[in-house]
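The values are calculated or read from the model by the stated rules, or taken from the named source; none is laboratory data. As the structure is a computational prediction, the values presented were derived from the model and not from experiment. Note: ideal-geometry Cβ built from the backbone for every residue, glycine included; neighbour counts use all protein chains shown. Ligands, DNA and RNA are excluded from the accessible area calculation, which covers all protein heavy atoms including side chains. Shrake-Rupley method; radii C 1.70, N 1.55, O 1.52, S 1.80 Å.
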Amino acid sequence: MEHVHLAVEEDDLYSGYNDYNPTFDSEELENDAGFQQAVRTSHGRRPPMTAKFPGTAIGSRPLASSFGSRIPMASSMGRPMTGAMLDGAARPMTAVRAAGYTSSLARGSTFDPLGQSRGPAPPLEAKNEDTPEEKIKILEKKVNDLIEESCMAQSMGALQLALEKAKEAGRKERALVRQREQSGNADHINLDLTYSVLLNLANQYANNEMYPEALNSYQVIVKNKMFSNAGRLKVNMANIYFKQKNYPKAIKFYRMALDQISNVHKEMRIKIMQNIGVVFVRMGQYSDAITSFEHIMSESPNIKTGFNLILCYYAIGDRERMKKAFQKLISVPLGIDDEDKYIPSNDDASSNMVIEAIKNDKLHQMERELKTLAEKYIMTAAKLIAPAIETSFATGFDWCVDMVKTSQYVELANDLEINKAITYLRQKDFNQAVETLKTFEKKDSRVKSAAATNLSFLYFLEKDYDQADRYADLAMNADRYNPAALINKGNTVFVKQDYEKAAEFYKEALRNDSSCTEALYNLGLAYKRLNRLEEALDCFLKLHAILRNSAQVMYQLANLCELLEDPQQAIEWLMQVISVTPTDPHALAKLGELHDGEGDKSQAFQYYYESFRYFPSNIDVIEWLGAYYIETQFCEKAIQYFERKALETYKDIHCKFPENVECLRFLVRLCTDMGLKEVQEYATKLKKVEKMKEIREQVSSSWLSHIYFKCLHSSSSTKGERLSARMRSLPASNEPYEASSPKELDVSYVDPLGPQMERPKTGAKKRVDDDDFADEELGDDLLPE
């Protein structure tokens with residue numbers, strides 16, 4: 001107990017905590033000889049530290065044991081302490097070897113944990129590419145690269161290059177297999193690489209329509225039992241048989257593929273069954289196709305299958321099932337978000353930014369395309385089954401409209417009503433079309449604008465320009481941004497020769513829709529009428545950049561170049577017109593006229609002659625050809641053209657005066673001399689006219705005789721003399737009485753348009769007039785696709 005000190009109450013219990021032990025002073029380490037020696041070497045025992053103050057744990061003082069004895073101990077088990085020297089040799093310091101210490105260093109060596117004293121590392125050994133393993137790896141990499149290059153070429157449309165790369169990959173893969181066999185590594189063949197090479201080669205054969213080679217390649221894969229899931233490729237083989245129109249084999253392979261695909265892969269099975277149904281449709285086996293499509297609609301309904309099912313029911317004429325299928329079609333869920341999701345709110349700025357970002361992203365575009373496709377199928381199905389499901393077309397269409405109104409496609413109901421009006425137009429029932437369109441006058445603005453646009457179009461075709469103008473205004477008031485309404489308004493102003501105002505409407509339509517080709521075409525016509533030829537040329541050049549193969553546009557460009565006194569450029573444009581419509585007689589005649597103006601008679605003759613071949617009734621062409629033969633001293637050939645000219649002249653006279661006997665006699669004689677088949681037609685007409693003339697003469701003679709005898713018995717001799725004088729003033733029986741009788745002419749007059757429509761067709765296409773309106777400018781909404 002002598003070493004035990006009891007605390008006195010007066011002692012400070014917290015004293016000594018602020019005392020500083022210089023042993024822990026890191027700033028004095030530079031002056032600590034023991035530490036510096038330990039730093040310089042990793043061997044040897046650190047010399048005993050001498051405490052500056054008594055009571056430290058380190059020193060030469062003996063340790064007290066539990067038995068009270070004090071014996072100096074180097075370690076608890078009598079072994080030397082770590083880092084101690086035994087017989088002059090340093091003990092290995094294994095615990096610090098990873099830090100750079102080694103047992104081979106002697107005392108006093110430099111501390112170099114990074115091994116910088118050994119100098120730079122030796123260079124890496126070069127790979128020995130001569131070894132079989134390295135050769136195999138290099139060859140495998142080349143095969144993979146060739147497969148990738150083949151796929152990239154196919155994606156860019158270079159099908160032939162893709163096939164060549166695939167063949168080269170196949171050759172190198174076979175060389176790889178042989179090399180493995182020679183090196184004794186046949187068991188390590190890369191089956192995935194072989195499968196990829198064969199599959200890519202088969203696909204490239206199929207893309208290049210080399211179907212027998214593709215089938216052979218697919219067959220190699222399918223028959224190899226080492227390839228897992230190779231049976232799915234029978235779908236590809238069935239697709240090839242379908243393209244070859246070998247429908248029974250296509251059905252067989254589709255069914256084989258279906259048997260090898262488990263029910264887990266439901267979507268793939270549905271697609272294969274849809275293909276089977278399509279093949280049955282091609283084969284005309286509608287009952288089997290219906291079985292496939294009905295199963296799909298019960299398991300996983302989709303728009304295409306629903307539409308195909310309606311087509312099959314329509315083919316077999318099943319009215320009730322057509323109705324049920326249409327109801328299923330409009331109830332198919334599309335799985336897309338509502339458009340209201342993309343309407344920004346005024347409160348949250350961050351949400352508005354997100355909505356702006358996703359408003360036109362790829363996903364939203366896909367949704368719009370899916371919705372557009374669904375609407376197209378529904379509209380087509382309604383137009384198809386409407387006449388078949390009810391006793392009348394109108395009743396059937398009304399049923400379809402009612403069904404659509406109760407579905408998710410409510411907005412399609414109005415479009416169906418407009419299509420109903422268009423169908424009336426195709427049936428030439430204009431009154432019903434107008435009545436149907438007039439029902440939209442009280443609907444919402446978009447539908448009202450579309451209906452009014454179509455009504456304006458109808459009245460414009462009927463040349464009722466006041467009504468056309470009225471409904472064009474109505475369409476514009478309902479929707480000022482409707483380009484078709486603005487075009488119709490411009491057209492009604494155009495026919496009133498107010499070209500400046502018409503141009504303003506066309507330009508407004510272009511501002512609303514810069515891709516509106518009808519507005520651009522009509523704007524060019526308006527500038528042309530205003531003699532602003534350069535601006536008109538600019539319009540048609542822009543239009544030509546959009547419609548590269550439009551004969552109307554190119555003809556307008558040629559005409560403008562001619563007006564701008566650039567005949568060579570006009571000839572070039574007309575040559576492009578001929579390349580698109582090689583049988584247009586008016587364009588050929590115009591080319592002949594331009595070459596004639598340039599002094600190239602031979603080239604002019606070629607185009608005039610081609611024009612005459614396609615349309616032998618053009619008087620100007622006939623006259624030019626006849627004059628050309630006279631100039632070249634071929635009078636016999638000139639006679640043929642002048643005969644043709646005379647024939648066409650008499651035909652025109654006959655159209656205006658169909659009962660002129662002398663005209664018919666000349667037509668019969670000319671047709672006989674020229675050996676035309678029309679001679680019989682004109683001979684028959686001549687006989688009828690002569691017979692009619694005889695009957696009229698007989699009726700006229702009997703009527704006059706009756707008047708004469710009546711007057712003879714009832715009148716005096718003076719009246720008889722006046723009657724005799726009146727009789728002498730009448731024409732003789734051999735004179736045509738109808739020539740002096742306007743009433744008879746009025747009674748027997750035939751509309752000249754009749755015989756013109758009855759002329760034999762020459763096979764010529766409709767010529768492109770200088771100021772024809774674009775065919776589509778009025779029907780922008782009339783015939784929607």
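From the cross-link list Lys271/Lys328; Lys266/Lys323; Lys376/Lys428; Lys496/Lys656; Lys271/Lys362; Lys245/Lys371, which pairs have alpha carbons spaced over 26 Å apart? The partial results should precede the final answer.
Numbers: Lys271/Lys328 19 Å; Lys266/Lys323 28 Å; Lys376/Lys428 24 Å; Lys496/Lys656 29 Å; Lys271/Lys362 24 Å; Lys245/Lys371 32 Å.
Too far apart for the 26 Å limit: Lys266/Lys323; Lys496/Lys656; Lys245/Lys371.
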Karplus-derived 3J(HN,Hα) from phi for region 139-156 (6.51 cos²θ - 1.76 cosθ + 1.60, θ = phi - 60°), whole Hz, x at Gly and Pro, runs 5, 4, 5, 5, 5, 4, 5, 5, 5, 5, 5, 5, 5, 5, 5, 5, 5, 8
In debye to the nearest 20, the charge dipole size for region 303-422, taken about the Cα centre with +1 at each Lys and Arg Cβ and -1 at each Asp and Glu Cβ, equals 740
Judged on accessible area alone, 1.4 Å probe, highest first, Met156, Met379, Met256, Met366 line up as Met156, Met366, Met256, Met379
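How much of the accessible area of region 463-548, in percent, comes from carbon and sulfur atoms when a 1.4 Å probe is used? Don't jump to the answer; show the numbers that get you there.
On the way: 1780 of 3970 Å².
It is 45 percent, rounded to a whole number.
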Of every hundred units of 1.4 Å-probe accessible area on region 284-391, the number belonging to carbon and sulfur atoms, as a percent, is 52
Computed about the Cα centre, the charge dipole of region 463-548 from +1 Lys/Arg and -1 Asp/Glu charges at the Cβ has a magnitude in debye, to the nearest 20, of 180
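With all protein chains present, how much of the accessible area of region 236-280 (probe radius 1.4 Å) comes from carbon and sulfur, to the nearest whole percent?
The computed percentage sits at 51.
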Taking alpha-carbon centroids only, region 147-193 lies from region 460-530 a number of Å equal to 63
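Per residue, how large is the accessible surface of region 160-251? Use a 1.4 angstrom probe and give square angstrom. The partial results should precede the final answer.
Values: 4970 Å² over 92 residues.
I get 54 Å² per residue for this part.
Please compute the length gained on full extension between Ser515 and Leu334, using 0.36 nm multiplied by the number of residues separating them and subtracting their Cα-Cα distance.
On the way: separation 181, 0.36 × 181 = 65.16 nm, distance 3.03 nm.
Net length gain for the segment: 62.1 nm.
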Phi angles of region 631-637, converted by Karplus (6.51 cos²θ - 1.76 cosθ + 1.60, θ = phi - 60°) into ³J(HN,Hα) in whole Hz with x for Gly and Pro, give 5, 8, 6, 10, 5, 4, 5
Along region 468-484, Karplus-curve 3J(HN,Hα) (6.51, -1.76, 1.60; θ = phi - 60°) to the nearest Hz, with x for Gly and Pro, reads 4, 5, 5, 6, 5, 5, 4, 5, 5, 5, 6, 8, 5, 9, 7, x, 5
Regression test value, accessible area per residue of region 463-548, probe 1.4 Å, units Å², expected 46
Scoring only Lys, Arg, Asp and Glu (+1, +1, -1, -1) among other residues with Cβ under 13 Å from the Cβ of Arg669 yields -3
Reduced to Cα centres, the span from region 567-594 to region 218-257 in Å works out to 54
